[in-house]
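First up is the structure itself, then whatever we jot down about it.
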Amino acid sequence: MALKTGSTIGILGGGQLGRMMAVAGLQLGYRVVGYAPAGDNVAAEACSDFITADWDDAAALARFTQVCDVVTWEFENVPVATVAALPPALLACPVRALEVAQDRLNEKAFAASLGGTPAPYARVESAADLVAAITDIGKPGILKTARDGYDGKGQWRVRSALEAASVAYPGVTCIYEGFVIYETEFSVILVRGRDGTVKFWDSTANLHEGGMLAQSILPAGALVEAQVPAARELAAKVADALGYVGVLTLEFFATREGPVFNEMAPRVHNSGHWTIEGAATSQFENHIRAICGLPLGGTKTRFGSIEMRNIVGEDALQAHLILAEPGEPHLHLYGKREAREGRKMGHVTRVGHALK
Ligand code: AMP
(Lines give C-alpha, C1' and ligand atoms only; values in the text may rest on other atoms or scores of the structure.)
Protein backbone atom coordinates (compact mmCIF):
# COMPACT_ATOMS: atom_id res chain seq x y z
CA MET A 1 0.00 0.00 0.00
CA ALA A 2 1.21 3.48 -0.81
CA LEU A 3 2.20 5.73 2.05
CA LYS A 4 -0.62 8.19 2.74
CA THR A 5 -0.15 11.92 2.20
CA GLY A 6 0.97 13.49 5.46
CA SER A 7 3.01 10.43 6.45
CA THR A 8 6.60 10.97 7.49
CA ILE A 9 9.70 10.02 5.54
CA GLY A 10 12.90 9.68 7.58
CA ILE A 11 16.19 10.45 5.85
CA LEU A 12 19.50 9.32 7.34
CA GLY A 13 22.20 11.82 6.39
CA GLY A 14 22.10 15.60 6.14
CA GLY A 15 23.84 16.61 2.92
CA GLN A 16 22.70 18.12 -0.36
CA LEU A 17 21.27 14.83 -1.59
CA GLY A 18 19.01 14.74 1.45
CA ARG A 19 18.09 18.37 0.89
CA MET A 20 16.95 17.74 -2.69
CA MET A 21 15.23 14.50 -1.65
CA ALA A 22 13.39 16.35 1.11
CA VAL A 23 12.14 18.97 -1.35
CA ALA A 24 10.73 16.16 -3.51
CA GLY A 25 9.10 14.56 -0.46
CA LEU A 26 7.47 17.82 0.62
CA GLN A 27 6.19 18.39 -2.91
CA LEU A 28 4.35 15.06 -2.72
CA GLY A 29 2.72 16.04 0.54
CA TYR A 30 4.87 14.12 2.96
CA ARG A 31 6.59 15.30 6.10
CA VAL A 32 10.34 14.73 6.09
CA VAL A 33 12.47 14.22 9.16
CA GLY A 34 16.25 14.12 8.79
CA TYR A 35 18.82 12.54 11.08
CA ALA A 36 22.58 13.10 11.08
CA PRO A 37 25.45 13.82 13.45
CA ALA A 38 26.38 17.46 14.06
CA GLY A 39 27.83 19.19 11.02
CA ASP A 40 26.82 21.46 8.18
CA ASN A 41 23.57 19.56 7.64
CA VAL A 42 22.15 21.48 4.71
CA ALA A 43 19.23 19.05 4.45
CA ALA A 44 17.87 20.39 7.75
CA GLU A 45 16.52 23.59 6.18
CA ALA A 46 14.37 21.54 3.81
CA CYS A 47 13.10 19.11 6.44
CA SER A 48 9.99 19.45 8.58
CA ASP A 49 12.15 18.39 11.50
CA PHE A 50 15.78 17.38 11.91
CA ILE A 51 17.43 15.34 14.65
CA THR A 52 21.11 16.08 15.20
CA ALA A 53 22.64 13.12 17.00
CA ASP A 54 25.39 10.54 16.63
CA TRP A 55 24.79 7.39 14.64
CA ASP A 56 24.92 5.30 17.82
CA ASP A 57 22.62 7.48 19.94
CA ALA A 58 19.95 4.90 20.78
CA ALA A 59 17.58 7.39 22.42
CA ALA A 60 17.71 9.78 19.46
CA LEU A 61 17.26 6.92 16.99
CA ALA A 62 14.23 5.75 18.98
CA ARG A 63 12.73 9.26 18.74
CA PHE A 64 13.44 9.24 14.99
CA THR A 65 11.81 5.87 14.35
CA GLN A 66 8.76 6.82 16.42
CA VAL A 67 7.91 9.65 14.06
CA CYS A 68 8.82 7.93 10.77
CA ASP A 69 6.60 5.82 8.52
CA VAL A 70 9.44 4.90 6.19
CA VAL A 71 13.21 5.39 6.43
CA THR A 72 15.72 5.92 3.64
CA TRP A 73 19.28 7.25 3.41
CA GLU A 74 21.07 9.85 1.33
CA PHE A 75 24.58 8.87 2.42
CA GLU A 76 26.02 5.40 1.89
CA ASN A 77 28.32 5.50 4.88
CA VAL A 78 25.59 5.50 7.51
CA PRO A 79 26.87 2.72 9.81
CA VAL A 80 25.25 -0.61 8.98
CA ALA A 81 24.70 -1.17 12.72
CA THR A 82 22.56 2.00 12.89
CA VAL A 83 20.34 0.90 10.04
CA ALA A 84 20.22 -2.74 11.12
CA ALA A 85 18.93 -1.64 14.55
CA LEU A 86 15.92 0.16 13.05
CA PRO A 87 12.60 -1.70 12.87
CA PRO A 88 12.89 -3.64 9.57
CA ALA A 89 9.34 -2.70 8.57
CA LEU A 90 10.41 0.96 8.40
CA LEU A 91 13.27 0.36 5.99
CA ALA A 92 12.47 1.20 2.39
CA CYS A 93 15.38 -0.88 1.18
CA PRO A 94 17.30 -3.81 2.72
CA VAL A 95 20.43 -2.84 4.67
CA ARG A 96 22.38 -5.33 2.55
CA ALA A 97 22.63 -2.62 -0.13
CA LEU A 98 24.70 -0.53 2.30
CA GLU A 99 26.80 -3.51 3.39
CA VAL A 100 27.79 -4.22 -0.20
CA ALA A 101 28.35 -0.63 -1.28
CA GLN A 102 30.32 0.55 1.75
CA ASP A 103 33.28 -1.63 0.88
CA ARG A 104 35.00 -1.39 -2.50
CA LEU A 105 36.16 -5.02 -2.25
CA ASN A 106 32.61 -6.20 -1.55
CA GLU A 107 31.00 -4.18 -4.31
CA LYS A 108 33.51 -5.32 -6.92
CA ALA A 109 33.11 -8.98 -5.90
CA PHE A 110 29.32 -8.59 -5.88
CA ALA A 111 29.23 -7.01 -9.35
CA ALA A 112 31.62 -9.67 -10.68
CA SER A 113 29.43 -12.45 -9.24
CA LEU A 114 26.56 -11.07 -11.34
CA GLY A 115 28.59 -10.97 -14.54
CA GLY A 116 30.12 -7.47 -14.27
CA THR A 117 33.74 -6.71 -15.15
CA PRO A 118 35.67 -4.67 -12.60
CA ALA A 119 39.28 -3.52 -13.09
CA PRO A 120 41.81 -6.13 -11.94
CA TYR A 121 42.12 -5.66 -8.20
CA ALA A 122 43.67 -7.08 -5.04
CA ARG A 123 43.00 -6.79 -1.33
CA VAL A 124 45.76 -4.96 0.55
CA GLU A 125 46.06 -5.44 4.29
CA SER A 126 49.76 -4.81 4.82
CA ALA A 127 52.82 -3.20 3.26
CA ALA A 128 53.81 -6.63 1.91
CA ASP A 129 50.36 -7.04 0.27
CA LEU A 130 50.83 -3.67 -1.40
CA VAL A 131 54.17 -4.68 -2.91
CA ALA A 132 52.65 -8.00 -4.05
CA ALA A 133 49.58 -6.27 -5.55
CA ILE A 134 51.68 -3.77 -7.50
CA THR A 135 53.83 -6.65 -8.79
CA ASP A 136 50.84 -8.82 -9.77
CA ILE A 137 48.53 -6.18 -11.20
CA GLY A 138 51.20 -3.79 -12.38
CA LYS A 139 51.49 -0.04 -12.86
CA PRO A 140 49.80 2.29 -13.32
CA GLY A 141 47.28 1.55 -10.62
CA ILE A 142 45.41 3.18 -7.78
CA LEU A 143 45.49 2.31 -4.12
CA LYS A 144 42.15 3.15 -2.44
CA THR A 145 40.94 2.68 1.08
CA ALA A 146 38.31 -0.07 0.92
CA ARG A 147 35.91 1.98 3.04
CA ASP A 148 35.01 5.62 3.64
CA GLY A 149 36.70 7.16 0.59
CA TYR A 150 34.72 9.52 -1.63
CA ASP A 151 35.36 12.18 -4.27
CA GLY A 152 38.93 10.97 -4.78
CA LYS A 153 39.79 11.09 -1.07
CA GLY A 154 41.66 8.08 0.34
CA GLN A 155 43.26 7.36 -3.05
CA TRP A 156 46.87 7.22 -4.16
CA ARG A 157 47.98 6.88 -7.77
CA VAL A 158 50.88 4.57 -8.50
CA ARG A 159 52.21 5.50 -11.93
CA SER A 160 55.92 4.80 -11.65
CA ALA A 161 58.45 2.80 -9.69
CA LEU A 162 59.20 5.99 -7.79
CA GLU A 163 55.56 6.41 -6.81
CA ALA A 164 55.32 2.71 -5.93
CA ALA A 165 58.21 3.20 -3.53
CA SER A 166 56.71 6.35 -2.01
CA VAL A 167 53.13 5.12 -1.47
CA ALA A 168 52.93 3.67 2.02
CA TYR A 169 50.33 1.21 3.26
CA PRO A 170 47.92 3.55 5.07
CA GLY A 171 47.16 1.12 7.91
CA VAL A 172 43.59 0.27 6.90
CA THR A 173 42.25 -2.34 4.49
CA CYS A 174 42.73 -1.12 0.93
CA ILE A 175 42.16 -2.21 -2.62
CA TYR A 176 44.79 -1.88 -5.32
CA GLU A 177 43.25 -1.51 -8.76
CA GLY A 178 44.84 -1.59 -12.15
CA PHE A 179 44.42 1.76 -13.92
CA VAL A 180 41.71 1.46 -16.55
CA ILE A 181 42.37 3.07 -19.93
CA TYR A 182 38.98 4.44 -20.81
CA GLU A 183 37.40 6.83 -23.26
CA THR A 184 34.67 8.15 -20.98
CA GLU A 185 33.14 7.54 -17.58
CA PHE A 186 29.41 7.05 -17.38
CA SER A 187 26.79 6.08 -14.86
CA VAL A 188 23.63 4.03 -14.96
CA ILE A 189 20.95 5.41 -12.67
CA LEU A 190 17.84 3.36 -12.14
CA VAL A 191 14.84 3.42 -9.90
CA ARG A 192 13.29 0.19 -8.67
CA GLY A 193 9.81 0.19 -7.22
CA ARG A 194 8.51 -1.98 -4.41
CA ASP A 195 6.96 -4.29 -7.01
CA GLY A 196 10.31 -4.78 -8.77
CA THR A 197 9.56 -2.44 -11.69
CA VAL A 198 12.82 -0.90 -12.95
CA LYS A 199 13.22 2.32 -14.94
CA PHE A 200 16.47 3.85 -16.19
CA TRP A 201 17.42 7.42 -16.92
CA ASP A 202 19.67 8.12 -19.88
CA SER A 203 23.35 7.68 -19.09
CA THR A 204 25.48 10.83 -19.03
CA ALA A 205 29.17 11.03 -19.81
CA ASN A 206 30.82 12.03 -16.55
CA LEU A 207 33.95 14.17 -16.44
CA HIS A 208 36.00 14.11 -13.27
CA GLU A 209 38.55 16.59 -12.01
CA GLY A 210 40.85 15.52 -9.20
CA GLY A 211 38.82 12.34 -8.61
CA MET A 212 35.58 14.31 -8.17
CA LEU A 213 32.69 14.64 -10.61
CA ALA A 214 32.87 17.99 -12.40
CA GLN A 215 30.40 17.65 -15.26
CA SER A 216 27.71 15.30 -16.62
CA ILE A 217 26.79 15.55 -20.27
CA LEU A 218 24.05 14.26 -22.58
CA PRO A 219 24.22 12.91 -25.20
CA ALA A 220 27.04 10.81 -23.84
CA GLY A 221 28.47 9.79 -27.22
CA ALA A 222 28.40 6.68 -29.36
CA LEU A 223 30.76 4.56 -27.28
CA VAL A 224 28.77 5.05 -24.07
CA GLU A 225 25.48 4.53 -25.87
CA ALA A 226 26.77 1.23 -27.26
CA GLN A 227 27.75 0.08 -23.76
CA VAL A 228 24.65 1.21 -21.90
CA PRO A 229 22.61 -1.98 -22.56
CA ALA A 230 25.26 -4.24 -20.95
CA ALA A 231 25.73 -1.77 -18.08
CA ARG A 232 21.97 -1.59 -17.49
CA GLU A 233 21.73 -5.36 -17.49
CA LEU A 234 24.28 -5.50 -14.67
CA ALA A 235 22.63 -2.64 -12.77
CA ALA A 236 19.23 -4.37 -12.94
CA LYS A 237 20.76 -7.64 -11.73
CA VAL A 238 22.40 -5.80 -8.80
CA ALA A 239 19.09 -4.12 -7.91
CA ASP A 240 17.13 -7.38 -8.15
CA ALA A 241 19.74 -9.35 -6.15
CA LEU A 242 19.60 -6.76 -3.36
CA GLY A 243 15.80 -6.49 -3.37
CA TYR A 244 16.54 -2.82 -3.88
CA VAL A 245 13.87 -0.12 -3.60
CA GLY A 246 14.63 3.45 -4.71
CA VAL A 247 17.34 5.01 -6.84
CA LEU A 248 20.55 3.05 -7.39
CA THR A 249 23.64 4.20 -9.30
CA LEU A 250 26.42 2.19 -10.90
CA GLU A 251 29.50 3.91 -12.30
CA PHE A 252 31.43 2.55 -15.28
CA PHE A 253 34.43 3.22 -17.47
CA ALA A 254 33.64 2.93 -21.18
CA THR A 255 36.68 1.11 -22.59
CA ARG A 256 37.37 -0.33 -26.04
CA GLU A 257 36.68 -3.76 -24.52
CA GLY A 258 33.32 -2.82 -23.02
CA PRO A 259 32.01 -1.34 -19.77
CA VAL A 260 34.24 -1.76 -16.73
CA PHE A 261 32.36 -1.53 -13.43
CA ASN A 262 33.89 0.98 -11.01
CA GLU A 263 31.53 1.40 -8.08
CA MET A 264 27.95 1.60 -6.96
CA ALA A 265 26.08 4.11 -4.84
CA PRO A 266 22.88 2.87 -3.17
CA ARG A 267 21.30 6.29 -3.47
CA VAL A 268 20.54 9.25 -5.67
CA HIS A 269 23.70 10.46 -7.36
CA ASN A 270 25.49 13.65 -8.34
CA SER A 271 25.52 12.51 -11.99
CA GLY A 272 21.70 12.44 -11.87
CA HIS A 273 21.13 16.06 -10.81
CA TRP A 274 20.34 16.95 -14.44
CA THR A 275 17.11 14.93 -14.10
CA ILE A 276 15.52 17.74 -12.03
CA GLU A 277 15.01 19.86 -15.15
CA GLY A 278 16.05 17.40 -17.82
CA ALA A 279 13.88 14.32 -17.34
CA ALA A 280 10.16 13.63 -17.11
CA THR A 281 10.63 12.80 -13.41
CA SER A 282 13.74 13.62 -11.36
CA GLN A 283 15.81 11.02 -9.54
CA PHE A 284 14.76 12.64 -6.25
CA GLU A 285 11.05 12.44 -6.95
CA ASN A 286 11.23 8.88 -8.24
CA HIS A 287 13.22 7.85 -5.18
CA ILE A 288 10.47 9.24 -2.98
CA ARG A 289 7.79 7.62 -5.15
CA ALA A 290 9.57 4.25 -4.95
CA ILE A 291 10.06 4.20 -1.20
CA CYS A 292 6.50 5.39 -0.60
CA GLY A 293 4.99 2.77 -2.91
CA LEU A 294 3.65 5.34 -5.40
CA PRO A 295 3.63 4.75 -9.16
CA LEU A 296 7.03 5.57 -10.65
CA GLY A 297 7.24 8.54 -13.00
CA GLY A 298 8.63 8.46 -16.52
CA THR A 299 12.38 8.85 -16.88
CA LYS A 300 12.55 10.12 -20.44
CA THR A 301 15.02 12.90 -21.28
CA ARG A 302 13.23 16.10 -22.26
CA PHE A 303 16.00 17.92 -24.14
CA GLY A 304 18.37 17.16 -26.99
CA SER A 305 21.41 18.17 -24.98
CA ILE A 306 22.02 18.67 -21.28
CA GLU A 307 25.01 19.72 -19.24
CA MET A 308 25.26 19.62 -15.45
CA ARG A 309 28.30 21.23 -13.88
CA ASN A 310 29.20 21.21 -10.22
CA ILE A 311 29.98 24.46 -8.44
CA VAL A 312 32.89 23.81 -6.17
CA GLY A 313 34.59 25.76 -3.38
CA GLU A 314 34.78 29.56 -3.62
CA ASP A 315 33.20 29.59 -7.11
CA ALA A 316 29.92 29.42 -5.19
CA LEU A 317 30.45 32.94 -3.84
CA GLN A 318 29.93 34.37 -7.36
CA ALA A 319 27.45 31.72 -8.51
CA HIS A 320 24.48 34.06 -8.86
CA LEU A 321 26.29 35.68 -11.80
CA ILE A 322 25.50 32.49 -13.73
CA LEU A 323 21.87 33.57 -13.80
CA ALA A 324 22.77 36.48 -16.08
CA GLU A 325 24.22 34.10 -18.67
CA PRO A 326 22.24 33.20 -21.79
CA GLY A 327 20.48 29.85 -22.20
CA GLU A 328 18.35 29.88 -19.03
CA PRO A 329 20.80 28.11 -16.72
CA HIS A 330 19.20 26.38 -13.74
CA LEU A 331 21.15 27.15 -10.58
CA HIS A 332 21.03 25.04 -7.43
CA LEU A 333 22.97 26.13 -4.36
CA TYR A 334 23.10 23.87 -1.35
CA GLY A 335 23.35 26.52 1.38
CA LYS A 336 26.67 25.25 2.75
CA ARG A 337 28.14 27.72 5.16
CA GLU A 338 31.82 27.33 4.27
CA ALA A 339 33.03 27.39 0.66
CA ARG A 340 36.03 25.15 1.34
CA GLU A 341 38.28 24.14 -1.55
CA GLY A 342 37.04 21.01 -3.28
CA ARG A 343 33.65 21.13 -1.58
CA LYS A 344 30.52 20.65 -3.68
CA MET A 345 28.53 23.84 -3.08
CA GLY A 346 25.93 23.63 -5.84
CA HIS A 347 25.40 22.79 -9.47
CA VAL A 348 24.12 24.38 -12.63
CA THR A 349 22.15 22.61 -15.35
CA ARG A 350 21.92 23.91 -18.90
CA VAL A 351 19.52 22.36 -21.36
CA GLY A 352 19.35 22.55 -25.15
CA HIS A 353 16.37 22.23 -27.46
CA ALA A 354 13.24 20.50 -26.17
CA LEU A 355 12.48 17.01 -27.46
CA LYS A 356 8.99 16.09 -28.56
P1 AMP B 1 36.16 6.39 -7.34
O2 AMP B 1 36.16 7.00 -5.98
O3 AMP B 1 36.48 4.94 -7.36
O4 AMP B 1 34.94 6.73 -8.13
O5 AMP B 1 37.35 7.11 -8.11
C6 AMP B 1 37.28 8.49 -8.42
C7 AMP B 1 37.75 8.74 -9.84
O8 AMP B 1 39.13 8.34 -10.02
C9 AMP B 1 36.99 7.92 -10.89
O10 AMP B 1 35.77 8.51 -11.23
C11 AMP B 1 38.00 7.94 -12.02
O12 AMP B 1 38.02 9.19 -12.66
C13 AMP B 1 39.29 7.74 -11.30
N14 AMP B 1 39.57 6.29 -11.13
C15 AMP B 1 39.24 5.55 -10.06
N16 AMP B 1 39.61 4.26 -10.23
C17 AMP B 1 40.20 4.17 -11.42
C18 AMP B 1 40.79 3.10 -12.16
N19 AMP B 1 40.89 1.86 -11.68
N20 AMP B 1 41.29 3.39 -13.39
C21 AMP B 1 41.21 4.65 -13.90
N22 AMP B 1 40.68 5.70 -13.24
C23 AMP B 1 40.18 5.48 -12.02
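The values are calculated or read from the model by the stated rules, or taken from the named source; none is laboratory data. On a predicted model such as this, the values are computed, not experimentally measured, just so you know. Backbone-built Cβ (ideal geometry, glycine too); neighbour counts: all protein chains shown. Accessible surface is based on the protein model in full, side chains and every heavy atom, while ligands, DNA and RNA are left aside. Shrake-Rupley method; radii C 1.70, N 1.55, O 1.52, S 1.80 Å.
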With θ set to phi - 60°, apply the Karplus curve 6.51 cos²θ - 1.76 cosθ + 1.60 along the stretch 307-316 and write out the HN-Hα couplings as whole Hz, x wherever there is a Gly or Pro. 9, 10, 10, 6, 10, 10, x, 5, 4, 5
Of every hundred units of 1.4 Å-probe accessible area on the stretch 184-351, the number belonging to carbon and sulfur atoms, as a percent, is 50
Which value in deg cm²/dmol, rounded to the nearest 500, describes the helix-derived mean residue ellipticity at 222 nm for the chain, given -39,500 (n - 2.57) per DSSP H run of n ≥ 4 and division by the residue count? -7500 deg cm²/dmol
State in Å² the accessible area per residue of the chain; use a 1.4 Å probe, count heavy atoms of protein chains only, and round to the nearest integer. 43
Over the chain, how many percent of alpha carbon pairs lie in each 20 Å bin up to the one with the longest distance? 29, 60, 11, 0
What the Cα atoms of the stretch 120-178 span along the principal axes, largest first and in whole Å, is 26, 21, 19
Over what distance in Å are the Cα centres of the stretch 14-38 and the stretch 317-336 separated? 22
Once the piece of chain linking Thr173 and Lys4 is laid out straight, how much longer is it, given 0.36 nm per residue of separation minus the C-alpha distance between them? 56.4 nm
Electrostatic dipole magnitude of the chain [Cβ: Lys, Arg +1; Asp, Glu -1; Cα centre; debye, to 20]: 600
Got a number for carbon plus sulfur as a percent of the stretch 113-176's accessible area, 1.4 Å probe? 54
Karplus couplings for the stretch 115-125 from phi (6.51 cos²θ - 1.76 cosθ + 1.60, θ = phi - 60°), rounded to Hz, Gly and Pro as x? x, x, 10, x, 4, x, 8, 9, 6, 10, 10
Once the dipole of the chain is set up from charges on Cβ (+1 Lys and Arg, -1 Asp and Glu), the residue from the list Ala265, Leu130, Ala280 lying farthest towards its positive end is Ala280
What do you get for GluC sites (Glu not before Pro) in the stretch 260-356 restricted to DSSP loop and a cutoff of at most 12 other Cβ within 10 Å of the site's Cβ? Glu338, Glu341
Residue-ordered couplings for the stretch 169-185, obtained by feeding phi - 60° into the Karplus form 6.51 cos²θ - 1.76 cosθ + 1.60 and rounding to whole Hz (Gly and Pro as x), are 5, x, x, 10, 4, 10, 10, 10, 10, x, 6, 8, 8, 10, 8, 8, 9
For a quick size check, give me the Cα extents of the stretch 184-351 along its three principal axes, largest first, whole Å. 44, 40, 30
Computed over all unlike Cα pairs, the Kirkwood hydrodynamic radius of the stretch 8-91 in Å stands at 12.3
